[in-house]
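The values are calculated or read from the model by the stated rules, or taken from the named source; none is laboratory data. Bear in mind the structure is a predicted one, so any value in this text is a computation, not a measurement. Here Cβ is always computed from backbone atoms with ideal geometry, including for glycine, and neighbour counts include all displayed protein chains.
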């Protein structure tokens, strides 16, 4: 009996020793389920999505901060450059510059080559000979239209000029009277090449100038406001 007991003790001790020295270490084989249709993965392969701790503000870049600042100020008036003109006479232009600067506008001078407006030109087409021009002029003179001119060799060609008028109403009156006599007059702007002067100044968003005070007494000058031309280069 004693011998059998010793054999059992020796056998158990041998099994424990074999387990400690030769058996492979145990592996954690816990698994988690991936999304539908995918294979399973080991726990060590699963990574958690990073999340921001509550109460932490995300940093805003300087560019984004500047955009927000400009957007907040979008309702402020926006300055723009406006040119007043054109003026073909330097003396009159200087007078207008004095008026603008006296009113608090820092106006600057700008000149350019262009077409100087002379007025509204009324004329008859297809007057081909001096004899024809004299006959028509005589008929018009009987009805008070005496400002006629014919030059078959001029740059305008075969036309009989009935006058150049700065006032549109006056030009329109002459045209209608000639039309009533059975002729077919034309009316267009009359210009010549020359130098034009502009007064450039800064206005706020919706500000506009009253151009009437800039007109010369007893005369009508065609004035307009337009965005300043970009400087050369």
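Summary table below
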| read-out | value |
| --- | --- |
| Number of the condition not met by residue 161 [criteria: (1) in a strand (DSSP E or B); (2) under 37 Å from the mean Cα position of the chain (by Cα)] | (2) |
| Residue match in the range 129-144 (condition: modelled with pLDDT under 90, loosely packed, with under 15 Cβ neighbours inside 10 Å and not in a strand (DSSP E or B)) | no |
| Residue 67 being modelled with pLDDT under 85, out of contact with any strand residue (DSSP E or B) (no Cβ under 8 Å at 6 or more places or on another chain) and loosely packed, with under 11 Cβ neighbours inside 10 Å | no |
| Per-region count, the range 177-194, residues farther than 30 Å from residue 112 by Cα and loosely packed, with under 13 Cβ neighbours inside 10 Å | 4 |
| Residue match in the range 189-208 (condition: over 34 Å from the mean Cα position of the chain (by Cα) and assigned to a loop (DSSP other than H, G, I, E, B)) | no |
| Test for residue 184: is it modelled with pLDDT of 90 or more and either under 30 Å from residue 79 (Cα atoms) or in contact with a helix residue (DSSP H, G or I) (Cβ under 8 Å, 6 or more places away or on another chain) (or both) | no |
| Qualifying residue in the range 172-179 (condition: touching a helix residue (DSSP H, G or I) at 6+ places or on another chain (Cβ under 9 Å) and touching a residue at least 40 places away in the same chain (Cβ under 8 Å)) | yes |
| Long-range neighbours under 9 Å by Cβ, at least six apart or interchain, first residue surrounded by fewer than 16 Cβ atoms within 10 Å (Cβ to Cβ) within the range 151-171, second in a helix (DSSP H, G or I) | 152/130; 152/133 |
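Yes/no per residue for (1) modelled with pLDDT under 95; (2) touching a strand residue (DSSP E or B) at 6+ places or on another chain (Cβ under 8 Å):
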site: 169; (1), (2): yes, no
site: 175; (1), (2): no, yes
site: 189; (1), (2): yes, yes
site: 192; (1), (2): yes, yes
site: 199; (1), (2): yes, yes
site: 202; (1), (2): yes, yes
site: 205; (1), (2): yes, yes
site: 209; (1), (2): yes, yes
